[in-house]
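Colleague: Next up is a structure, given as structure tokens.
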Amino acid sequence: MYALALALIAVVLAAVAPRIMARLKVFRRSPRAALVAWQAVSLAAVLSALAVAPAAIPFLTRTHTIACASEECPSAVAAWRTQWWAVLVVAAVVTFAVLLPLLVSGHRIGTRLRAARTRHTELVDVLGDPREEDGTQLRVLAHATPTAYCLPGRRSRVVLTEGALTALPTGELSAVLAHERAHLRGRHDLLLEYFTVLHHSVPGPVRSPEALREVRLLIEALADRAASRASGPVETARALLTLAHGQTPVAGLGAGGQGATAARMRLLADRPLPAPVVALMYLYAAAVVALPLTLLWLAWR
Amino acid sequence: MTTPTSSPASTPRLGELERAVMEQLWDRAAEHPEGESVREVLEGLPAGRDLAYTTVMTVLDRLTKKQLVTRARDGRAWRYRPAGTRESLTAETMRASLEDASDRHAALLHFLDGASPDELAELRAALAEVERRRG
Ligand SMILES: [Zn+2]
């Protein structure tokens with residue numbers, strides 16, 4: 001029965017695959033392909049779960065017809081009816097148990113993110129000195145702690161502190177700006193939001209924090225690629241150290257990076273994966289998405 | 001604050017004005033501890049701007065909604081004051097951005113997701129590796 005297979009695939013893709021993929025550190029050398037694979041797996045997991053009820057319908061209607069074709073119709077039909085309803089209710093519950101948390105967590109996280117960004121943009125717009133560096137419009141905050149970030153969205157902003165401009169030599173500054181521009185241009189915020197929403201919509205035991213951590217690292221590695229193209233891997237790595245060094249006296253906030261910064265620097269030393277491996281990664285992504293769609297098609301055929 | 005295309009000139013201009021008004025409120029806070037009226041704000045702004053009273057009122061209204069200024073009644077008019085000093089609001093912004101870096105629901109995209117002091121030695125070793133292999 002296809003509905004059962006889809007439910008099983010959903011569980012495997014949501015709970016098992018991310019844990020394995022988070023361990024495949026070699027994927028990090030091609031962050032773009034890796035992120036496509038991650039998106040494919042998560043999308044396929046959602047599709048599989050949502051397809052459980054639609055896949056159950058044709059199976060049930062078909063058995064119903066077969067039952068009625070035989071001689072002892074009345075009692076058999078009554079028995080099938082009960083089972084028919086029971087299975088359909090279970091399948092619908094599975095589908096809605098996935099859909100509802102997804103919508104709720106999407107709404108909750110989206111609202112929260114946008115509120116935080118709006119408030120931050122309002123502050124930065126009156127406090128930040130508008131300046132242009134390296135062809136990038138900046139808002140410069142009068143603060144000694146060196147930091148650089150961007151506010152994504154329709155009214156995007158790149159924000160640096162005076163401390164960052166003082167600490168970063170030209171080459172490192174270009175690396176930082178190229179990194180932030182890559183985040184904004186690639187709408188990495190949407191990618192991150194998508195994975196955060198998915199992460200919070202699956203039940204606790206299925207959730208894998210290492211998967212979300214890995215995706216965040218891949219997004220940073222992708223922006224580091226852009227920085228590396230703009231001013232070379234060495235300058236990019238130096239910029240990371242410069243800012244880490246300048247932030248440590250204040251960053252008693254707990255290392256949000258959890259070793260991610262060192263991992264990013266090591267990735268700057270690595271060459272990208274060979275083209276055939278990257279092609280395989282894309283193939284894997286395509287196959288994973290095709291799986292639930294094929295099963296649903298088979299169920300209705 | 002609709003799409004940028006709907007009002008090509010007014011939105012950036014309003015943003016710029018908001019900044020100018022905030023600057024002035026901060027700079028003259030010592031002279032006006034009780035806040036400034038719309039008229040006072042208007043007269044303080046550079047003469048070349050050719051601003052209407054209602055424009056300044058709109059700007060102050062927007063800043064109030066954003067909780068960047070507070071207002072208090074003074075007879076029939078309002079007096080406006082910055083909601084915090086430039087330094088305290090900058091500190092608030094910095095705190096928000098640094099805390100965000102270690103948040104799982106990051107609203108901002110940082111260049112660096114924070115680093116602990118014990119991580120620095122590891123970072124130096126990693127830099128040496130990059131310099132050796134790609135330098
Ligand atoms: Zn980044």
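Colleague: I need a count of the residues in region A:93-116 that are touching an Asp or Glu at 6+ places or on another chain (Cβ under 9 Å) and either open to solvent by 60 Å² or more (accessible area, probe 1.4 Å) or within 11 Å of chain B (Cβ to nearest Cβ) (or both). So that I can check it myself, show each step before the final result.
Modeller: The initial filter retains those residues of region A:93-116 that are touching an Asp or Glu at 6+ places or on another chain (Cβ under 9 Å), namely A:106, A:109-110, A:113, A:116.
Within this subset, residues satisfying the condition of being either open to solvent by 60 Å² or more (accessible area, probe 1.4 Å) or within 11 Å of chain B (Cβ to nearest Cβ) (or both) are A:109-110, A:113, A:116.
Total satisfying the criteria: 4.
Colleague: Right, here's the next one. Could you grab me the full set of residues in region B:67-79 that are open to solvent by 40 Å² or more (accessible area, probe 1.4 Å) and within 18 Å of residue A:124 (Cβ to Cβ)?
Modeller: Across region B:67-79, the qualifying residue is only B:67.
Colleague: Here's something else I'd like to know. I want to confirm something. Restricting to region A:198-228 and keeping residues that are open to solvent by 30 Å² or more (accessible area, probe 1.4 Å) and farther than 13 Å from residue A:105 by Cβ, which single residue is nearest to the ligand (Cβ to nearest atom)?
Modeller: Per the stated criteria, the residue is A:216.
Colleague: Moving on. Which of the residues spanning region B:100-122 are more than 16 Å from the ligand (Cβ to nearest atom) and at pLDDT 85 or above?
Modeller: B:119, B:120, B:121, B:122, listed by residue number.
Colleague: In region A:126-137, which residues are free of Cβ contacts under 8 Å to residues at least 24 places away in the same chain and surrounded by 20 or more Cβ atoms within 10 Å (Cβ to Cβ)?
Modeller: If the condition is that a residue be free of Cβ contacts under 8 Å to residues at least 24 places away in the same chain and surrounded by 20 or more Cβ atoms within 10 Å (Cβ to Cβ), then A:126, A:127 are the ones that fit.
Colleague: Within region A:171-181, is even one residue touching a residue at least 12 places away in the same chain (Cβ under 8 Å), within 16 Å of the ligand (Cβ to nearest atom) and among the acidic types (Asp, Glu)?
Modeller: In the first step, residues of region A:171-181 are kept if they are touching a residue at least 12 places away in the same chain (Cβ under 8 Å); the result is A:171-181.
From what's left, within 16 Å of the ligand (Cβ to nearest atom): A:172-181.
Next, only the ones that are among the acidic types (Asp, Glu) stay: A:172, A:180.
Yes, region A:171-181 has at least one match.
Colleague: Identify the single condition in (1) part of a helix (DSSP H, G or I); (2) open to solvent by 30 Å² or more (accessible area, probe 1.4 Å); (3) more than 10 Å from the ligand (Cβ to nearest atom) that residue A:233 does not satisfy, given that it satisfies every other one.
Modeller: (2)
Colleague: Further question: Checking the structure you have, find out if any residue of region B:56-76 is over 24 Å from residue A:116 (Cβ atoms), polar (S, T, N, Q) and in a helix (DSSP H, G or I).
Modeller: yes
Colleague: Shifting gears a bit: Restricting attention to region B:37-57, and to residues there that are hydroxyl-bearing (Ser, Thr, Tyr) and surrounded by 15 or more Cβ atoms within 10 Å (Cβ to Cβ), which single residue is nearest to residue A:121 (Cα to Cα)? Full working, then the answer.
Modeller: Looking only at region B:37-57, we keep the residues that are hydroxyl-bearing (Ser, Thr, Tyr), and these are B:37, B:53-55.
Checking which are surrounded by 15 or more Cβ atoms within 10 Å (Cβ to Cβ) leaves us with B:37, B:55.
Values: B:37: 26, B:55: 22 Å.
Only one residue tops the list, namely B:55.
Colleague: Restricted to region A:137-160, and to residues that are among the polar types (S, T, N, Q) and within 16 Å of the ligand (Cβ to nearest atom), which residue is nearest to residue A:227 (Cα to Cα)?
Modeller: Looking only at region A:137-160, we keep the residues that are among the polar types (S, T, N, Q), and these are A:137, A:145, A:147, A:156.
Of the ones still in play, those that are also within 16 Å of the ligand (Cβ to nearest atom) are A:147, A:156.
Details: A:147: 16, A:156: 19 Å.
Among them, the one singled out is A:147.
For (1) open to solvent by less than 60 Å² (accessible area, probe 1.4 Å); (2) on the phi < 0 side of the Ramachandran plot; (3) over 30 Å from the mean Cα position of the chain (by Cα); (4) basic (Lys, Arg), each residue gets a yes or a no:
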position	(1), (2), (3), (4)
A:120	yes, yes, no, no
A:123	yes, yes, no, no
A:142	no, yes, yes, no
A:149	yes, yes, no, no
A:159	yes, yes, no, no
A:169	no, yes, yes, no
A:181	no, yes, no, yes
A:185	no, yes, no, yes
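Colleague: Out of all the residues in region B:108-131, is one or more surrounded by fewer than 17 Cβ atoms within 10 Å (Cβ to Cβ), without any contact (Cβ under 8 Å) to a residue 12 or more places away in the chain and in a loop (DSSP other than H, G, I, E, B)?
Modeller: Looking through region B:108-131, none of the residues is surrounded by fewer than 17 Cβ atoms within 10 Å (Cβ to Cβ), without any contact (Cβ under 8 Å) to a residue 12 or more places away in the chain and in a loop (DSSP other than H, G, I, E, B).
Colleague: Let me ask another. Looking at region B:64-77, can you tell me whether even one residue there is assigned by TED's automatic domain parsing to the domain that holds residue B:25 and touching an Asp or Glu at 6+ places or on another chain (Cβ under 6 Å)?
Modeller: Keep residues of region B:64-77 that are assigned by TED's automatic domain parsing to the domain that holds residue B:25, which gives B:64-77.
Of the ones still in play, those that are also touching an Asp or Glu at 6+ places or on another chain (Cβ under 6 Å) are B:66.
Yes - at least one qualifying residue is present in region B:64-77.
Colleague: Now a separate question. Taking into account only those residues within region B:80-92 that are among the hydroxyl-bearing types (Ser, Thr, Tyr) and surrounded by 17 or more Cβ atoms within 10 Å (Cβ to Cβ), which is farthest from the ligand (Cβ to nearest atom)?
Modeller: Step one: of region B:80-92, the residues among the hydroxyl-bearing types (Ser, Thr, Tyr) are B:80, B:85, B:88, B:90.
Narrowing the set further to residues that are surrounded by 17 or more Cβ atoms within 10 Å (Cβ to Cβ) leaves B:80, B:90.
On the way: B:80: 38, B:90: 22 Å.
Among residues in region B:80-92 that are among the hydroxyl-bearing types (Ser, Thr, Tyr) and surrounded by 17 or more Cβ atoms within 10 Å (Cβ to Cβ), the one farthest from the ligand (Cβ to nearest atom) is B:80.
Colleague: Shifting gears a bit: Counting only residues that are open to solvent by 10 Å² or more (accessible area, probe 1.4 Å), within 13 Å of residue A:120 (Cα to Cα), at the interface with another protein chain (Cβ under 7 Å from one of its Cβ atoms) and in contact with a helix residue (DSSP H, G or I) (Cβ under 9 Å, 6 or more places away or on another chain), how many does region B:93-105 have?
Modeller: 2
Colleague: If you scan region A:261-276, which residues turn out to be in contact with a Leu (Cβ under 8 Å, 6 or more places away or on another chain) and open to solvent by 20 Å² or more (accessible area, probe 1.4 Å)? Walk me through it before giving the result.
Modeller: From region A:261-276, those in contact with a Leu (Cβ under 8 Å, 6 or more places away or on another chain) are A:261-265; that's our starting set.
Hit for region A:261-276 is A:263, nothing else.
The values are calculated or read from the model by the stated rules, or taken from the named source; none is laboratory data. No experiment lies behind these values; they were computed from the predicted model shown. Here the Cβ is made from the backbone with ideal geometry for all residues, glycine too, and neighbour counts use every protein chain on show. The area values use the complete protein model at the heavy-atom level, side chains included, leaving out ligands, DNA and RNA. Shrake-Rupley method; radii C 1.70, N 1.55, O 1.52, S 1.80 Å.
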